1. Can you tell me the convex hull volume per residue for the range 47-194, based on C-alpha atoms, in Å³ to the nearest whole number?
2. How much FRET efficiency would the formula 1/(1 + (r/R0)^6) give for R299 and S95, where r is the Cβ-Cβ distance and R0 is 30 Å, rounded to 0.05?
3. Find the centroid of the Cα atoms in the range 253-289 and in the range 89-113, then give the distance between the two in whole Å.
4. Just to confirm the filter: which GluC sites (Glu not before Pro) across the range 329-437 are DSSP coil and have at most 14 other Cβ within 10 angstrom of their Cβ?
5. Kindly state, as a whole number, the per residue volume in cubic angstrom of the convex hull around the alpha carbon atoms of the range 215-270.
6. Can you give the accessible area of C372 in Å² (nearest 10), computed on protein heavy atoms with a 1.4 Å probe?
7. Over every pair of different alpha-carbon atoms in the range 356-413, take the mean of 1/r and invert it; report that Kirkwood radius in Å.
8. Using alpha-carbon positions, what is the distance between the centroids of the range 42-61 and the range 407-438, in Å?
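The values are calculated or read from the model by the stated rules, or taken from the named source; none is laboratory data. Because the structure is a prediction, the values reported are computed rather than measured. Note that each Cβ is placed from the backbone with ideal geometry, even for glycine, and that neighbours are counted across all protein chains shown. Keep in mind that these areas ignore ligands, DNA and RNA; they rest on the heavy atoms of the full protein, side chains included. Shrake-Rupley method; radii C 1.70, N 1.55, O 1.52, S 1.80 Å.
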Amino acid sequence: RSLWAAVLPAFLCSVVADMEVAIIGSGIAGASASHFLRDTVQEGVRITVYEKEDRVGGRMRSLTFQEGIHSEEGASVYHRINRNMRGFVERFNLSTAQPYRQGRMGLWAGGPDGFVLETSTWQVVSLARMMWRYGLGLKTVNDVVAATIANFTKLYDVTEDPDAHGGPFRDVAEVLARVGLYNTAQQTLADVLRQAGVSQQLINEFVTGCTRVNYGQSPETMHAFAGTVALKGSGKELYSVKEGNAVICERLLESAGVTLRLQSQVTEILKQGRRWEVRTADSSPAALYDAVIIATPLRDGGLRLPKPMANKWPADVLDPPMQTTHATFVQGQLRPSYFERSAGTELPSTILTVEREALPFSSIGLTPHTLCPLDAPPAPNCKPLPVYKLFSREPLTAGTLDRLFQNRTYAHAHPWHAYPRLDPRRRFPPVVLGDGLYYANSFEFVVSTMETETIAARNVINILRQDLGLTMRTKAGTSPTAADAQRDSSEL
């Protein structure tokens with residue numbers, strides 16, 4: 001007994017001193033994984049981050065209009081109740097901004113229906129209009145969202161204090177059951193709301209507008225957990241980082257002291273004894289690591305797993321498809337005639353849509369930026385024009401943009417694999433692919449947000465800690481206080 005007491009600490013120290021960890025992907029999952037790993041073990045672990053692009057941030061990406069003026073063309077917002085994202089912003093003294101101009105909302109159905117709902121600049125008038133159209137179903141929807149988000153916040157307990165809450169999760173379905181969300185992920189949002197007594201009209205209109213803008217899906221096809229996150233993400237208290245969301249990834253990687261390998265696409269991961277060999281598309285020699293964390297969707301990462309490992313799971317479980325979303329920025333003025341309004345009519349600053357195939361866009365949002373024409377050098381006496389952001393499932397043609405906008409000076413489109421299809425499913429990608437090989441993005445196929453990526457990354461580091469027998473350290477500023485947690489729950 002005394003011999004083990006003397007030998008074991010030295011053995012663990014030698015393991016830590018020699019430990020090499022590779023993280024594939026520098027988006028929010030990879031960057032936060034490096035942060036949580038460094039918080040776990042201050043010294044003795046070398047972290048190498050591979051990134052196939054020439055920049056960090058993954059799907060967090062900004063479009064710069066002018067120096068110091070930009071909008072998010074990738075992952076755009078986090079909510080005030082998102083503890084990890086909020087904590088990162090505070091830790092690095094970053095500034096926040098609202099990504100869209102506050103104003104009226106319109107729900108567009110097109111055709112003879114036109115706008116089925118328009119809010120007012122007066123909150124009481126907006127509430128009266130919504131109550132007149134949807135009745136008490138609005139309260140029911142809010143209750144469903146609050147109950148689901150309350151269960152969602154239990155994931156913080158599982159990842160912040162895993163030893164007291166059942167340990168880190170190695171199976172996504174298991175942890176969903178643990179926190180009371182598994183059944184919610186097995187039913188569509190529409191079915192759950194209908195069971196609660198919500199009218200089909202409310203589901204087809206307002207609820208659909210929220211799920212289309214956030215996930216490009218209908219409540220008739222997406223599961224209820226992701227759907228309620230979409231509804232929560234359509235309200236107030238949404239923020240982006242003024243300096244650019246990807247700056248969070250930059251700061252996390254810097255503070256973790258990683259070795260960053262940009263423009264290094266990992267093509268293959270092979271088991272070599274007890275270690276993992278990472279091969280890249282460039283001419284760099286392969287490197288060996290004690291643990292590897294895959295922090296990018298396998299389909300987007302373009303890497304190959306060993307065949308015996310990949311064959312363990314069906315392709316639709318291991319590597320489900322991602323959805324393509326087209327983010328288009330347009331400078332100009334919305335054309336009232338497109339929306340069957342007379343010239344000079346002020347249109348809503350946010351336009352959501354119902355599920356109709358003929359509609360070319362999912363949403364239109366007015367950004368905070370009114371700028372000199374972006375297709376010409378700045379001029380002192382220019383006529384500033386607003387900038388809009390549109391989401392669509394298919395590319396928007398020049399003809400469509402000309403029908404939507406007048407005085408159009410600029411358009412920029414960015415197609416991206418924004419998120420998976422969030423249909424009800426019983427099986428999810430594995431968190432642990434092999435001894436020392438982890439998949440941080442597996443949870444994304446339940447719900448895809450910047451915050452859930454940080455939660456999943458922290459869980460993977462907890463597993464790594466458990467597998468290597470390390471002790472988690474807690475530092476001031478890395479976790480919310482108990483008062484924060486209580487306030488977050490009470491404000492759902």
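1. Cα convex hull per residue, to the nearest whole number: 238 Å³.
2. E(calc), rounded to 0.05, equals 0.30.
3. 39
4. Here the GluC sites (Glu not before Pro) that fit, given the DSSP loop and packing criteria, are E340, E346, E357.
5. Normalising the Cα hull of the range 215-270 by residue number yields 208 Å³.
6. Answer for C372: close to 30 Å² accessible.
7. That comes to 12.8 Å for the range 356-413.
8. 18
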